[in-house]
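Colleague: This is the structure, below, for whatever I ask next.
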Amino acid sequence: MNLGRFAKTIAAGLAALLVSGCALALPVEGPKPVIDTSISSELKPFYEQRITWLTCGGGKAVCGEFKVPMDWSKPDGETLKLSIAYRPADNAKPLGSLIFNPGGPGSSATSWLLDSAEQIGTSELRKNYNLVGFDPRGVGKSEPSVKCLDSKGTDELLYGDTGLELGSNADLAETRRSMKAFIDACVANSGPGLGFIDTVSTAKDLDVLRALMGDSKLNYLGFSYGTYMGATYAALFADRVGRMVLDGAIDPTISDEQQSVYQLAGFDQALRNYLADCLGSADCPFSGTVEKALAKIKSLLFTIEKKPLPTSDGRELTIWAAITGLIMPLYSQSYWPALSQGFAEAIDGDGSTLIQLADAYNDRDEKGAYLSNLMEANFAINCADSRAPSDQKSMLEQNAKMLKASPTLGRYWAWGALGCEQWPYPVSEKPKTWSAIGANPILVVGTTGDPATPYSQAVSLANKVLANAKLLTFNGEGHTAYGQENRCVNETVDDYFIRNVVPTEDPNC
């Protein structure tokens, strides 16, 4: 057993490509910091620093970096440099800057901005706002970039299989051994600062960036984990919240254990929705009812668990690669045909498509190289933010909840607390309250069929946790909604960002 078991913690979407450079970087004039007299003297050097902007990526965007305290409780101590990219608005007189986070934790916002800017929001949003993406501490090119194993070691961690009986004493002992080796490599290869990559510290970094972009209030768009970052910022700096959209929302008041149960239930429901759709088509690899198809998938997974499948590139599809390959296309309905192909091949004894889907999820290219540190950063930030109890009694109780949440997939979500059990740094202190009293209205977007951040969390965040928020429901499938094909969602969010129109009631798109 290995980290493949913990693939559920890697958040939504595919990892962005590496930041592309250019032959000659030229200095560019950028925003001037907003001066805030309330900032303490020890923090002024961070809030009033000037970013040196350089051309990069070959498009409109420019790149730079800014400094933040490594340990926010000791601002006069060591510092970290964080990577940033900035795309000026298409309009000559923009409404200001909009900082966005694509999720993860671990996805590089600078890479998204340089390589996929036209996929961020809508053309109306890009026309009216300067888009800003920064790599949070630990992510991408920001310090301390989390680095652990080489490609071969990462392959073994994500795709390997010991052949031991799941849940046996030998299996659990091997898991603890492999996790210790992985964590030791992270500590050895990531450099100083690994103990300070929690989301609360990142939210404080975000406030520095707000000021450096010349804005007195933060305009923010967060997807998936980015909603947790946004909610954390609002909890710490409620009076500095401008227009904030949290899409694919996470309820920060829910425990790590309950988050896992909700997420697994979300994937189970997404799998059922996929099967209901699949069974109505001629090329579906299943027949009969959804329950019958689920039973066939459960049997297939158990078969792969005992005997991995061959693939076209010579690797074996282990149970952990199969689970990752199954999960990846559940994030978006557009990937469902690929899942059908993967299931059809696997039923015939071929794991090629499923392992390719797992590779896409893990950001692994066809040559075996990993294109980002998404997995490592995801793991490290999650362990910094929360840790589930790993005593035997607690894990057995959690295992039972997982099996109840998904009889098909729950077996492979068991013993999840072992992932962070040996992380050597303390869990970060959370805000005392998440209500963000005094903040401007926050728009929370939830998708009814979202597998990774189930809709119930958006409802809870908007209606119970935040003191001043409105819920925007998208009745559909997939993870996150804004910037995609639904006109109702896009127009509602654009009206909020561009015209400051807060919906009086849920549009129920």
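Colleague: Going by what's in this entry, would Ala117 be described as among the aliphatic types (A, V, I, L, M), in contact with a Pro (Cβ under 8 Å, 6 or more places away or on another chain) and under 24 Å from Gly242 (Cβ atoms)? Give the derivation first.
Modeller: Values: among the aliphatic types (A, V, I, L, M): yes; in contact with a Pro (Cβ under 8 Å, 6 or more places away or on another chain): no; under 24 Å from Gly242 (Cβ atoms): yes.
No: the conditions fail for Ala117.
Colleague: Go through the range 309-337 and report how many residues are in a helix (DSSP H, G or I) and open to solvent by 30 Å² or more (accessible area, probe 1.4 Å).
Modeller: Restricting attention to the range 309-337, the residues satisfying the condition of being in a helix (DSSP H, G or I) are 319-331, 333-337.
Subsequent filtering for residues that are open to solvent by 30 Å² or more (accessible area, probe 1.4 Å) retains 333-335, 337.
Count: 4.
Colleague: Considering each residue of the range 404-429, count those that are on the phi < 0 side of the Ramachandran plot and either outside any helix (DSSP H, G or I) or over 24 Å from the mean Cα position of the chain (by Cα) (or both), and give that number. First the steps, then the outcome.
Modeller: Step one: filter the range 404-429 for residues on the phi < 0 side of the Ramachandran plot, giving 404-414, 416-429.
When the remaining residues are screened for being either outside any helix (DSSP H, G or I) or over 24 Å from the mean Cα position of the chain (by Cα) (or both), the result is 404, 406-409, 414, 419-429.
Of the residues in the range 404-429, 17 are on the phi < 0 side of the Ramachandran plot and either outside any helix (DSSP H, G or I) or over 24 Å from the mean Cα position of the chain (by Cα) (or both).
Colleague: Could you please find all residues in the range 197-218 being out of contact with any helix residue (DSSP H, G or I) (no Cβ under 6 Å at 6 or more places or on another chain), within 20 Å of Tyr86 (Cβ to Cβ) and among the small types (Gly, Ala, Ser)?
Modeller: Selection gives Gly214, Ser216.
Colleague: Something else about it: Just to verify a result, which residue in the range 373-405, among those that are surrounded by fewer than 23 Cβ atoms within 10 Å (Cβ to Cβ) and among the small types (Gly, Ala, Ser), is nearest to Ala321 (Cα to Cα)?
Modeller: Result: Ala405.
Colleague: Based on this model, can you work out whether Thr504 counts as surrounded by fewer than 15 Cβ atoms within 10 Å (Cβ to Cβ) and either in a loop (DSSP other than H, G, I, E, B) or of a type outside the set (Ser, Thr, Tyr) (or both)? Can you show your working first?
Modeller: Working: surrounded by fewer than 15 Cβ atoms within 10 Å (Cβ to Cβ): yes; either in a loop (DSSP other than H, G, I, E, B) or of a type outside the set (Ser, Thr, Tyr) (or both): yes.
Judged against the criteria, Thr504 is a match.
Colleague: Is one or more of the residues making up the range 119-142 open to solvent by 10 Å² or more (accessible area, probe 1.4 Å), of a type in the set (Gly, Ala, Ser) and on the phi > 0 side of the Ramachandran plot? Explain how you work it out, then say what you get.
Modeller: Going residue by residue through the range 119-142, those that are open to solvent by 10 Å² or more (accessible area, probe 1.4 Å) are 119, 122-124, 126-128, 130, 140-141.
Restricting the remaining residues to those that are of a type in the set (Gly, Ala, Ser) gives 123, 140.
From what is left, the residues that are on the phi > 0 side of the Ramachandran plot are 140.
Yes: one or more hits.
Colleague: Output the residue which, of all residues in the range 106-118 that are open to solvent by 10 Å² or more (accessible area, probe 1.4 Å) and polar (S, T, N, Q), is farthest from Phe66 (Cα to Cα).
Modeller: Ser116
Colleague: Any residue that is open to solvent by 20 Å² or more (accessible area, probe 1.4 Å), farther than 20 Å from Ala380 by Cβ, free of Cβ contacts under 8 Å to residues at least 24 places away in the same chain and in contact with a Ser or Thr (Cβ under 6 Å, 6 or more places away or on another chain) - is there at least one of those in the range 32-52?
Modeller: Scanning the range 32-52 turns up no residue that is open to solvent by 20 Å² or more (accessible area, probe 1.4 Å), farther than 20 Å from Ala380 by Cβ, free of Cβ contacts under 8 Å to residues at least 24 places away in the same chain and in contact with a Ser or Thr (Cβ under 6 Å, 6 or more places away or on another chain).
Colleague: Considering only residues that are of a type outside the set (Gly, Ala, Ser) and not in a helix (DSSP H, G or I), look in the range 183-214 and name the one that is nearest to Arg137 (Cα to Cα). I'd like the intermediate steps shown before the answer.
Modeller: The first filter runs over the range 183-214 and keeps only residues of a type outside the set (Gly, Ala, Ser), leaving 183-184, 186-187, 189, 192, 194, 196-200, 202, 204-210, 212-213.
Add one more test, that the residue is not in a helix (DSSP H, G or I), and what stays is 192, 197-198, 213.
Details: Pro192: 12, Ile197: 6, Asp198: 8, Met213: 18 Å.
Residue satisfying both the conditions and the ranking: Ile197.
Colleague: Let me ask something else about it. When the residues of the range 302-334 are filtered to those that are free of Cβ contacts under 8 Å to residues at least 12 places away in the same chain and not small (Gly, Ala, Ser), which remaining residue is nearest to Thr453 (Cα to Cα)?
Modeller: The extreme case among them is Phe302.
Colleague: Any residue at all in the range 80-101 that's open to solvent by less than 50 Å² (accessible area, probe 1.4 Å), touching a helix residue (DSSP H, G or I) at 6+ places or on another chain (Cβ under 6 Å) and under 23 Å from Ile250 (Cα atoms)?
Modeller: yes
Colleague: Checking Ser299 against (1) free of Cβ contacts under 8 Å to residues at least 12 places away in the same chain; (2) not in a helix (DSSP H, G or I): exactly one of these is not met. Which one?
Modeller: (2)
Colleague: Of all the residues that make up the range 446-473, how many are open to solvent by 10 Å² or more (accessible area, probe 1.4 Å), of a type in the set (Val, Ile, Thr) and more than 15 Å from Tyr228 (Cα to Cα)?
Modeller: 1
Colleague: Where residues in the range 214-234 are in contact with a Pro (Cβ under 7 Å, 6 or more places away or on another chain) and modelled with pLDDT of 95 or more, which of them is nearest to Pro75 (Cα to Cα)? Before the answer, list the steps.
Modeller: If we filter the range 214-234 for residues that are in contact with a Pro (Cβ under 7 Å, 6 or more places away or on another chain), which is where we start, we get 214, 223, 225-226, 228, 231-232.
Add one more test, that the residue is modelled with pLDDT of 95 or more, and what stays is 223, 225-226, 228, 231-232.
Numbers: Phe223: 29, Tyr225: 26, Gly226: 25, Tyr228: 24, Ala231: 23, Thr232: 20 Å.
By that ranking, first place goes to Thr232.
Colleague: Tell me the residue from Ser168, Ser255, Ser216 that is in contact with a strand residue (DSSP E or B) (Cβ under 9 Å, 6 or more places away or on another chain) and of a type outside the set (A, V, I, L, M, F, W, C), please. Walk me through it before giving the result.
Modeller: Details: Ser168 fails: in contact with a strand residue (DSSP E or B) (Cβ under 9 Å, 6 or more places away or on another chain); Ser255 fails: in contact with a strand residue (DSSP E or B) (Cβ under 9 Å, 6 or more places away or on another chain).
Result: Ser216 is the single residue among Ser168, Ser255, Ser216 that is in contact with a strand residue (DSSP E or B) (Cβ under 9 Å, 6 or more places away or on another chain) and of a type outside the set (A, V, I, L, M, F, W, C).
Colleague: Which of the residues that make up the range 150-182 are under 28 Å from Gly103 (Cβ atoms), open to solvent by 60 Å² or more (accessible area, probe 1.4 Å) and not in a helix (DSSP H, G or I)?
Modeller: Answer for the range 150-182, where residues must be under 28 Å from Gly103 (Cβ atoms), open to solvent by 60 Å² or more (accessible area, probe 1.4 Å) and not in a helix (DSSP H, G or I): just Asp150.
Colleague: Another one. Give me the pairs, please: first residue somewhere in the range 210-227 and buried (at least 24 other Cβ atoms within 10 Å of the Cβ), second residue anywhere and in a loop (DSSP other than H, G, I, E, B) and of a type in the set (Ser, Thr, Tyr), beta-carbon distance under 7 Å, and either six or more positions apart or on two chains.
Modeller: Correct list of pairs: Phe223/Thr480; Ser224/Thr453; Ser224/Thr480.
Colleague: Output yes when any residue across the range 273-290 is touching a residue at least 12 places away in the same chain (Cβ under 8 Å), touching a strand residue (DSSP E or B) at 6+ places or on another chain (Cβ under 7 Å) and either open to solvent by 60 Å² or more (accessible area, probe 1.4 Å) or of a type outside the set (Lys, Arg) (or both), and no when none is.
Modeller: Looking through the range 273-290, at least one residue is touching a residue at least 12 places away in the same chain (Cβ under 8 Å), touching a strand residue (DSSP E or B) at 6+ places or on another chain (Cβ under 7 Å) and either open to solvent by 60 Å² or more (accessible area, probe 1.4 Å) or of a type outside the set (Lys, Arg) (or both).
Colleague: Which pairs have Cβ atoms under 8 Å, sit 6 or more apart or on different chains, and link a residue in the range 236-258 that is farther than 30 Å from Ser394 by Cβ to one that is of a type in the set (Lys, Arg) and part of a loop (DSSP other than H, G, I, E, B)?
Modeller: Final answer for the pair search is Arg240/Lys217; Val241/Lys217; Gly242/Lys217.
The values are calculated or read from the model by the stated rules, or taken from the named source; none is laboratory data. Note that the coordinates shown come from a computational prediction; the quantities given were computed from them, not determined experimentally. In this analysis, Cβ positions are derived from the backbone assuming ideal geometry, glycine residues included, and neighbour counts consider all displayed protein chains. The accessibility values were calculated without ligands, DNA or RNA, using every heavy atom of the protein model including side chains. Shrake-Rupley method; radii C 1.70, N 1.55, O 1.52, S 1.80 Å.
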